[in-house]
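**Q** Encoded as structure tokens, here's the structure I'll be asking about.
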Amino acid sequence: MARRLAGDEDPARPGVQGCCLSLSHGYVGRVDGTTNARDDSFVDFQVDVPTAGTYTMAIKYANGTGATSTQGLAYNGGAWSTISYLATAGWGQFTDSVSATLTLYAGFNTIRLAKSAPFYAGGTGYAELDSTTLTQ
């Protein structure tokens, strides 16, 4: 089973099996400049999975910084891990992906990717997320 979650696309579009919440109107990194990016730069994905178990989350991204960038990943209130995004050919060129293994509950789960957030010290650089896909 694969469930594609929203990234830059509209979470209301058919085929998207989760929804997301971003305090920065869809951006992780507060590129809109309206508040302090170190305080609340994250996106939450609310996913409903049919069975408890181990899932792989693939994150399709672009990183035009020329260096590795990082974000924090946490789910269901658990500990933070680090996601590293190697440099890509440029911004808007979503040819690379990284993956993480998650142990999810049957039913609703919250997955957070963060540049910075409460209880997370902060990532480095910038990454542009295209989509995330969960498979079991």
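Please treat every number below as a calculation from the coordinates, not as lab data. Treat the numbers as computed from the prediction; the structure is a model and nothing was measured. Cβ: placed from backbone, ideal geometry, glycine included. Neighbour counts: every protein chain shown.
**Q** Just to be sure I understand the model, the point goes 7 Å from the Cα along the line to the Cβ. What's the resulting F119 to T68 distance in nm?
**A** 2.6 nm
**Q** Now, a different point. Kindly provide log₁₀ I(q)/I(0) values, in the same order as q = 0.16, 0.19, 0.22 Å⁻¹, from the Debye equation applied to equal alpha-carbon scatterers of region 50-117.
**A** These q points yield log10 I(q)/I(0) values of -0.60, -0.78, -0.95.
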